[in-house]
Amino acid sequence: MADSVTAPATYGTQADALLRKNLTFQKRNVKTNVRLILVPILLVLLIRSIEISSTAMTYKDTKCGCQCVDKNGTGKCQEVCGLEYSNPLQAPSCEVKEPYEWHPVFQLPESQFSAVKTDVITYPDLPNESCRDSNSCPAIILVTGTNQTFGQSVNGYMVKNDSTVESTFITNQIIGTEIPADRTGFQDPAFNSRKATFYIIQAGCPADYKGEEINDDHATYMLQCREGLSLWRNSPSEINDELFKGYIKGNTEKKTGEIAAAYDWLNTNENRFNVSVWYNGTYKYEGQSEQLVRVPPLVNLASNAFLQNLLGPSFNILFDYTKEMPKHGSMRMSEISSQMGPILFSWVILQLFPVAFVALVYEKQQNLRIMMKMHGLKDGPYWTITYAYFLLISSLYMFGFVAFGSLLELSIFLRNAFSIQFVFYFIYINLQIACAFLLAGFFKDVTTATVMGYLVVFASGLLGSFFFSNFLSGASISEVWIILMELYPGFALYRGLFEFGEYSKSGLYTGESGGMKWANLSDPGNGMKQVMIIMLVEWIVVLLVAFYLDQINSSGKGPLFFLENSRKKQTLSTMNLLEKKDSGVCLEMEKEDVAQEREKVEHMVAGSTSGYPIVVDNLKKVYPGIDGNPDKYAVRGLSLAVPEGECLGMLGPNGAGKTSFISMMIGLTKPSSGAAFVDGLNINTEMDKVYTVMGVCPQHDLLWDTLTGREHLLFYGRLKNLKGEALHRAVEDSLKSLNLFNGGVADKQSGRYSGGMKRRLSVAISLIGNPKVVYLDEPSTGLDPASRDTLWTVVKNARKGRAIILTTHSMEEADYLCDRLGIFVDGSLQCIANSSELKARYGGSYVLAITTSADNEVEVENMVRQICPNANKVYHLSGTQKFELPKHESKIADVFQLVENAKSRFPIYAWGMADTTLEDVFIKVAASAQSFNEA
């Protein structure tokens, strides 16, 4: 069926074969690939369309404010744009050369939300709840410290006890506002609000003081007096408890009791200034964007009180104003790609993981990996091409993703240096592929792997966005913990995308280009370099661990295989001598033909195996007992030799050990002891070389559903080093000989084949490349009679130049194809000879069957015993009887005469006489062996 192959395929040849197969497989799955590629494209289009539409809708509201101003006094106005004409929403878009100077003010709770004495907060020094009705609740400042005497002394300078109110913004008094700050300091809502009210906080307010309007450069304000209480607490835990109970969700009454500020003087004394400040960083309305907090005045208040306590009340640290840095003008745009990019893009990139992961598990579930290995594919080409294949797909996917995003001008792609993006994405996709190889070793079911793969995708994005991002945005946590979390690849990806997003936003409101450059990797807080180093190291480690586990799981090597020294090939005689010591086979009980087979193997062991591609010497397989059960002996000291040109059939009941024997010969399991040699190669130490000289037709068809029959044969032919014209001729011959050529069957995907067509293709695969040894495991299962005859002809012709071991439950198939037959029972070889010898040895009798009425059964039996006294009745049911007649006592003519005489005396409904069949021999040998073992 194929031209002779004199040498195994090289690394390059096998790599080329696997690459061609993978590319063909990828071409067949074009719809899946299109859907995969459409996900990032549609997502990018959606994000960009939302950004454009959102920017268009909000442009008028967010562009820098303008007014018509008569600048020259001519009565004609000109449109002038600037910060002074803008509201807080417009201010970020304006160019600001000289930012406004804002008076430093405290953030005060509104009077109706200020802390008061309730059933939950029971401190007696708090005001009564009735103050809320009169809008006169004081601003509460809590104080504590280790040195109470010194702390209370300093506390006296915090809230002034003045009898008058000085209606001006001066720095030696507390001035607060109930209006929260904005996101930036270019505009302060407290000063931009019409008739905004500011409060001077002091220990007591004069009863006759009704407030006063004051003017400054910005607007006109109302200045009021509000009582302030500075209250001592014994410990920080008391303050924390009071703050929590004042939170609307911290008490059963769902009421708010806010504190203006709190101070812990810790171990402060005359020579040490050490203070912690609590400030109100929450807002009473949920959903509000992040705002600035008015903390600087709180710090200045503590500094002044400390110094005034030491140096006198006249000492004062001036705190004149707060202001933003100058900035360029910019158009405020919706930046969803920068803000939502980490979670959305992490999902896009992570969906490559289940693609590789499920593909690897699919090969494992369908046993396609071991099938390729059994036909000579080495680990080197497999790992190289499979890894490169996934890397190529991932690289093209990521290139298209970044290119398309850049084409649509998404800032997260355009503003960050493409070289940094290339390095980051390249390292990550390699880590992702390595993780797919590692996890594939722990899964055997595609459905489970698919669920697990997409669970990783969505869980990584959600956990990154709602859990990990909190630590990146300023939450107090050790850098060590962040590094540990980044060891999970999903969080490492999220951190990189987070950094890209932050840097792409950096130039949005400044007019600068923004984005991450290589020089930015050293910026404080930039975790990109850290993430890339983690992923690079992890990629190498994960890949090595995955390869190590693969060698143990798929190649059958021991856990310390890398420490084993190279061992020279053991001689046959040495191996035989070692195994004889452990042999549990009782040679005296073996049948003569089995003993002769063992002796023949022993002579070969001592001499040469030339001309015998298969030599099995005392091979054993023992499965250890579980839960106290005894060990299971699947194969008990099997010895046999199969010469070139012979087909050996193996018969036996289920559980006899045939499958265990074949599994050891093809490398699926390792022998417990003994040795077997295939073309002179020891299966214990040289299995990788054995794969190059054998072909296997497994019991179940191991095929790629999307590849055609021709493509299967081309792939396996290349693995067997067939090339060029020889390859195509071998494929054509195989297809024609097994009736898979006509009618376009050869170019139809195997998933559309019938069961019989798949079996024929599996046989063709086993014979392609002219292997020295072929194992056929029930090759004709599911075939119709015509296809079975075609298959038998091919197998019979294929014996030339090779040894074939065939297992079957069809006695007809065994009788037709096999030169010798071995019957296996309970792990032992019971007999081995050709069909005729077995029939003569175990079937020395005729079988006579006669059907009469039940009344004549005794008379029939008496007549049979007259012509054959030692006849044995083996069957009796409703008038039908079967007798075994020893051939040396019976003559066929006597049987015919008996039937004629019986017909003259009573009716005979049916009768027949047959020689012993192979099935009879099989049943007799199996029953005899089982009864012996049970005894």
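If each of S522 and K748 carries a label point 7 Å out from its Cα toward its Cβ, how far apart are those two points in nm? Calculated label separation equals 6.9 nm. Each semi-axis of the equivalent ellipsoid for the stretch 844-915 is √(5λ) with λ an eigenvalue of the Cα gyration tensor; in descending order they amount to 18, 13, 10 Å. For V451 and E686, a Förster radius of 25 Å and the Cβ-Cβ distance give a FRET efficiency of 0.05, rounded to the nearest 0.05.
How much length would be gained if the chain were fully extended between W232 and T197, taking 0.36 nm per residue of separation minus their Cα-Cα distance, in nm to one decimal?
Working: separation 35, 0.36 × 35 = 12.60 nm, distance 2.86 nm.
Here the answer is 9.7 nm.
With K and R counted +1 and D and E -1, the other residues having a Cβ less than 11 Å from that of T144 yield a net charge of -2. Taking the longest Cα principal axis of the chain as reference, the axis of helix 592-606 is set at about 60 degrees. In terms of distances greater than 31 angstrom between alpha carbons, the cross-link table entries K27/K796; K97/K505; K658/K720; K373/K591 yield K27/K796; K373/K591. May I ask for the distance between the Cα centers of the stretch 750-809 and the stretch 185-237, given as a whole number of Å? Taking the Cα centre of the stretch 185-237 as reference, the centre of the stretch 750-809 is 96 Å away.
Provide the FRET efficiency to the nearest 0.05 for the Y875-F906 pair, computing r from the beta carbons and using R0 = 30 Å.
E between Y875 and F906, to the nearest 0.05, is 0.90.
Among beta bridges from DSSP that stay inside the stretch 188-242, the antiparallel ones total about 40%.
How do M535, M863, M158 line up, fewest other C-beta atoms within 10 Å first?
On the way: M535 25, M863 16, M158 22.
Going from least to most buried by this count: M863, M158, M535.
Counting Lys and Arg as +1 and Asp and Glu as -1 over every other residue whose Cβ lies under 12 Å from the Cβ of G228, the net charge comes to 0. Counting Lys and Arg as +1 and Asp and Glu as -1 over every other residue whose Cβ lies under 15 Å from the Cβ of T852, the net charge comes to -1.
Using the per-residue mean of other Cβ atoms lying within 10 Å as a proxy for protection, in what order, highest first, do the peptides 127-134, 768-775 fall? Present the calculation step by step, with values, prior to reporting the outcome.
Working: 127-134: 12.8, 768-775: 24.6.
Highest-to-lowest ranking by the protection proxy: 768-775, 127-134.
Tell me the relative contact order for the stretch 572-837 as a rounded percent, counting alpha carbon contacts under 8 Å between residues six or more apart.
Details: 501 pairs, mean separation 67.5, N = 266.
So the answer I get is 25 percent.
Note that the stretch 106-311 shows a convex hull volume over its alpha carbon atoms of 135 Å³ per residue.
Computed packing ranks the peptides 896-902, 447-453, 381-387 as 381-387, 447-453, 896-902, most packed first, by mean other Cβ atoms within 10 Å.
Applying the Karplus relation 6.51 cos²θ - 1.76 cosθ + 1.60 with θ = phi - 60° to the stretch 490-498 yields 3J(HN,Hα) values of x, 6, 5, 4, 4, 5, x, 5, 4 Hz, where x marks Gly and Pro. For the stretch 836-908, the relative contact order comes to 37 percent (Cα pairs under 8 Å, sequence separation of at least 6). Here the label points at D125 and V480, each 7 Å from Cα along the C-beta direction, are separated by 4.0 nm in the simple model. A simple packing score, the average count of other Cβ atoms within 10 Å per residue, orders the peptides 920-928, 406-414 as 406-414, 920-928, with the highest score first. Just check the stretch 572-837 against the gyration tensor rule for me: Cα atoms, a ≥ b ≥ c as the square roots of the eigenvalues, rounded for a/c under 1.5, and otherwise prolate or oblate depending on whether a/b exceeds b/c. It is prolate, given that a/c is not under 1.5 and a/b is the larger ratio. In this simple spin-label approximation, D894 and D631 carry label points 7 Å from Cα along the Cα→Cβ vector, and these lie 5.2 nm apart.
How big is the Rg/Rh ratio for the chain, C-alpha atoms only, Rh by Kirkwood, two decimals? Numbers along the way, then the final one.
Working: Rg = 45.3 Å, Rh = 36.8 Å.
Ratio of gyration radius to Kirkwood radius for the chain: 1.23.
Compared with the dominant Cα axis of the chain, that is its longest principal axis, helix 341-350 is turned about 10°.
Computed from Cα atoms, the angle from the helix 785-797 axis to the main principal axis of the chain rounds to 80 degrees. Given R0 = 25 Å, the distance between the Cβ atoms of R729 and R20 translates into a calculated FRET efficiency of 0.90.
With neighbours defined as other Cβ atoms within 10 Å of a residue's Cβ, the residues E227, E270 order from fewest to most as E270, E227.
When DSSP assigns beta bridges and you keep just the ones with both residues in the chain, what percent turn out antiparallel, to the nearest 5?
Working: 55 of 90 bridges.
In the chain, approximately 60 percent of DSSP beta bridges are antiparallel ones.
Bear in mind that the values in this text are calculations on the coordinates, not laboratory data. Remember, it's a predicted structure, so these values are computed and weren't measured experimentally. Glycine gets a Cβ as well: all are built from the backbone with ideal geometry, and neighbour counts include every protein chain shown.
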